[in-house]
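Read the figures in this text as sums done on the coordinates, not as results from a lab. The model shown is predicted, which means the values in this text are computed figures rather than measured ones. All Cβ positions, glycine included, derive from the backbone under ideal geometry; neighbour counts span all protein chains shown.
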Amino acid sequence: MIPSDDDIKRQVIPRWRTIRATTAARELAPAKRQAQTYLEDAISARLSQELQMRVREWRQENDLAAAEELIAAAVVSRCPDFQEDVRAAARLVLDDPHSLTGSRDLANSLLGEHRDEPDPMPDETKKMHLEIARRKRLFRIYPRDALLLTETALLYTNLGLNASAKNLLKAAAALAPNNRYVLRSLTRFWVHQAEPDRALHFLSKSAATKRDPWLLAAQLAAEDVAEKKLTNWREAKRILGAEQFSDFELTELAAAFATLQLQAGSHKLARKMFRKSLAEPTENVVAQAQWASRRDPTINVSHELTAKASEALAWEKLVTGRWQEVISASRSWHDIEPFSIRPAVMGSFVAVAHIGDGIIGEEFARRGLIANRGSAVLHNNLAVSLAMQGLVEEAKSELANVKPSAETREEIVNLATRGLIEMRSGNLEAGADLYHKSINLAISLRDAHLWCRACAHFAYECARYNKRDLANITATIMKVYNRLGDQSKIGLNDVPAILARAEKLQSASEILRSLENYRSQLASYPADELTDASGGDKSPN
Amino acid sequence: MGTKLEGGWTVESPLGWSFDDKGKPARPAGDNGSGGNFSVGYVVKRGDQTAFLKAIDLSRAMKAKPGDMLNELKKIIDTATFEQALCALCGERRMDRVVLALAAGEIVVGPNLQDRVPYIIFELADGDVRRRMRLVNENVRAAWIFSALQNAAVGLRQLHSAKIAHQDVKPSNLLQFEKQNVFKVGDVGRAIQEGVAVPRAEYGIAGDPSYAPPELLYGHYVPDWNTRRVGCDLFMFGSLIAFFFLGQGITPMLMSRIDAAHLPRRAGGEWQGFYADVLPIVQRAFSSVLEELELVAPKKFKDEIVASVRQLCEPDPALRGHPRNRTENQFDLSRYVSQFDLLAKHAAIAGRNA
């Protein structure tokens, strides 16, 4: 079952992506800028002087050595002059069989051909292991690459190998204690591990945290998750008020600040800060503001923004009842953070509950379980997906991974899933009994949400055989559902979806009824044909 | 041409590095032979002895921007004077792996300033390693490379012992002298001596920026002279090692792997922060270059080659050099001298057995 959105205390915990994706998202620009120095003019002059000399040599010698020198100077200076010479030199390098691989690489890059680089974050498990092996070899060659250590930790995390990820992140933090990519990544990791205080240890130790709004945002968010006292609250406030940083650089800090204000009940200030954060937001900030808008509808997040933010889009589509679009947005969300359980839970839940598609549900649950082995909710959703496909034995063994405590919400869910599996196995009475136990437990725990959900699922299973009582049951469930608050209804909109699907079902009794004409009109075999040559009757057996 | 100089030298022809199929200089090649900004190279002869004359072109000062002529002239004179002094010092210290000055003087052909040409005569090499490398037979190439590197390390160590940082170590400045069977480090025109002020010392980059260490391209100033200047030589020496196997030095290989957002502002990039903040990005690129180097280096020697480049070209200047030297002189090249000597011997044996 999906964790209710109300249960999740969302904060702007940094996204953890590849170095390439983070650079492309402009999240690694410097926080502290260096004033232009006289040295820079000297560098510029030397670069252009050297390029001119290399062009002169190239025009004179026109050989491989001169070509190599020229393309090196062109790559280092990135000067747009002498393009014709540079391109001719690059072509000569590529045409010459004696040119070496480094020169060929540079020549290709100057001619616009890109180097074949391995995918830093493959999504197939086997490819992930191969990529890890390649990186291990790289670490032996050069162990000081803090960014590669961090990115490899992400690969390990995506595979659920958290102990290995932890070691790499510790090494990366030791090598680059002030690097934003390293610190933000380890913040995400430790929050994923439900140990935000470990992230705070590194953040508070770093000298960069106080001056970098991206790190301050991560610190505020992690402190909120850890329920710790906010250490740099004043500094965050000062930076947000100063004009030192661009809207984009402040977006996550403003959103983190706004979230804290919202939780403290200062809706006015929260709205103001969310407005600021949305001036030039990251995908993560749009998701945060969209989450906040579900709590305070006066916080406005336009569809223009959510369209490019998969998590926000998934929630937006869930609220507006566009289930197929929830699935596709959840896929993109999962691609951003493959280790996160949330897109997997949402995708699998919407697939089985709202759409009734066990295959898609299985896909999401299995992908989520790679990094979240042992997750009760994913094992449950996978069991449901398998049962819906008729794979009851596999469903049973999946569900065996879930051991709920007695008299808890988890037990309500577990009993219902066991009921589903029994009913799909043909053991209708045993299944109905389990569903009843689940429903009764929901009543005794005073959980209207799970009562509605269990009843809706049971009604659906009954409707597969007979829809005679479906209208009455639907009315009973919807009576309870309609009494819930608006927020609850949004989180429970699978219930009307399940009932609507049940209504559209062709039940077994309807199928049998449709076959009645054929059964009653079975043509009898002519009696005279039954006499054989010997005159004896032929038994059908 | 034909001008007679003191000491019996005669100017023969302008100098360049064009080669016939035997790797011998084939034709003169214009005014860029010496590679200097204020100088022109010529071949000079005295009996059987051929040498290289570096003529200082004072008239270049006339081409300076209006109002800047005196400054430019001073710069040329200071540079030439410094180079002469440096050459004299190298000679005195008998630096046998540094191209030595055979003579110095002045040609006077008229009464005007531009008619006076100070010059330095150097030993004439058979060519630089950049072009000669490809002429070497495949079987002996590894031994040839390691021998060149060993000689370069010796030359640099000799300079460093006199507190001179070469600052322009690159393939075109490592010259082969076939008769003597040695390689020598040439062109000390951009060298810097500790405690001696020269005009280009104000530049972060004294030598060719295409071979400069990344911290200089980012405008990072290291206050310690050894780390700044000798560390730069070490980077360039490591880059020279990489050149033999990749065809390029480390600097362009690094720059081509760094996103424009993180490239130095004055090199067409957008990075406005400090070098310390961009260092992990440069190290990421460096790791990728090392990966490529490991793939192309000769299998038998790849561990030593990659380790040497890793130690010498470390993007963090504070960590450059042999790790076992950290407690003593971090920038001492002695260990590399021994290592490349050994590798040259091993490669020679392997080449003979091939």
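At a glance:
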quantity	calculated
Gained length - A:ALA471 relative to A:GLU117, 0.36 nm times residue gap less alpha-carbon distance	121.5 nm
Förster-model FRET efficiency, 60 Å R0, A:SER204 and B:ASP115, C-beta, rounded to 0.05	0.25
Nearest-0.05 FRET efficiency for B:VAL196 and B:ASP68, computed from C-beta distance (R0 41 Å)	0.95
Region A:380-433 - charge dipole about Cα centre, Lys and Arg +1 at Cβ, Asp and Glu -1, debye rounded to 20	120
Average partner coverage of B:310-322, which counts Cβ from other chains inside 10 Å	1
DSSP-defined beta bridges in the protein assembly as shown - what % are antiparallel, rounded to 5	95
Gain on full stretching of the segment that runs from A:GLN52 to A:ALA21 - 0.36 nm per residue minus C-alpha separation	7.6 nm
Environment charge of A:GLU280, counting only residues whose C-beta is closer than 14 Å and scoring Lys/Arg +1, Asp/Glu -1	-2
Gyration tensor over alpha-carbon atoms, region A:247-313, equivalent ellipsoid semi-axes in Å	17, 13, 9
Within 10 Å of each Cβ in B:280-290, the average number of Cβ atoms from other chains	6
Distant-in-sequence amide H partners of B:GLY127 (H built 1.01 Å from N, under 5 Å)	B:GLN176
Interchain or long-range residues, amide H under 5 Å from B:PHE122's placed H	B:PHE52, B:LEU53, B:LYS54, B:LEU102
Rh by Kirkwood over Cα pairs, then Stokes-Einstein D for the protein assembly as shown at 1.002 mPa s and 20 °C, µm²/s	66
Longest segment of chain A lacking GluC sites (Glu not before Pro) that sit in a DSSP loop with at most 14 other Cβ atoms within 10 Å	A:244-406
Rounded to the nearest 20 debye, dipole of chain B from Cβ charges on Lys, Arg, Asp, Glu	560
Computed label-point distance, nm, for sites A:ARG373 and B:GLU138 using a 7 Å Cα→Cβ extension	4.9
Per-selection Rg to Rh, region B:127-353 - Cα, Kirkwood hydrodynamic radius	0.96
Label-point separation in nm, B:GLU178 to B:ARG46, each point 7 Å along Cα→Cβ	2.4
Residues whose placed amide H lies under 5 Å from that of B:SER39, excluding near-sequence neighbours	B:ASP57
Cut-off 9 Å between beta-carbons: net charge of the residues surrounding B:LEU246, Lys and Arg +1, Asp and Glu -1	-2
Among A:ALA309, A:ALA406, B:PRO252 the positive-end extreme of the charge dipole of the protein assembly as shown (Cβ point charges)	A:ALA406
14 Å tail of the calculated P(r), region A:215-260, as % of Cα pairs	42
Fraction of beta bridges assigned by DSSP in chain B that are antiparallel (%, nearest 5)	95
Unsatisfied cross-links (Cα-Cα over 19 Å) in the set A:LYS9/A:LYS229; A:LYS437/A:LYS489; A:LYS170/A:LYS229; A:LYS403/A:LYS437	A:LYS437/A:LYS489; A:LYS170/A:LYS229
Helix runs (DSSP H) in chain B reaching 20 Å along axis by Cα, Kyte-Doolittle at least -1.0	B:69-92, B:138-161, B:231-246, B:275-296, B:334-353
Dipole moment magnitude, nearest 20 debye, region B:85-162 about Cα centre, only Lys, Arg, Asp, Glu C-beta charged	360
Potential extension, A:ASP528-A:ARG137 segment - 0.36 nm per residue separation minus Cα distance	132.1 nm
Formal net charge of residues neighbouring A:GLN244 (Cβ-Cβ distance under 14 Å; K, R +1; D, E -1)	+1
C-alpha long axis of helix A:310-319 to longest principal axis of chain A, angle in °	30
Pair B:SER334, A:GLU304: separation of 7 Å Cα→Cβ label points (nm)	7.0
Crossing angle, helix A:428-444 versus chain A [Cα axis fit, 0-90 degrees, rounded to tens]	60
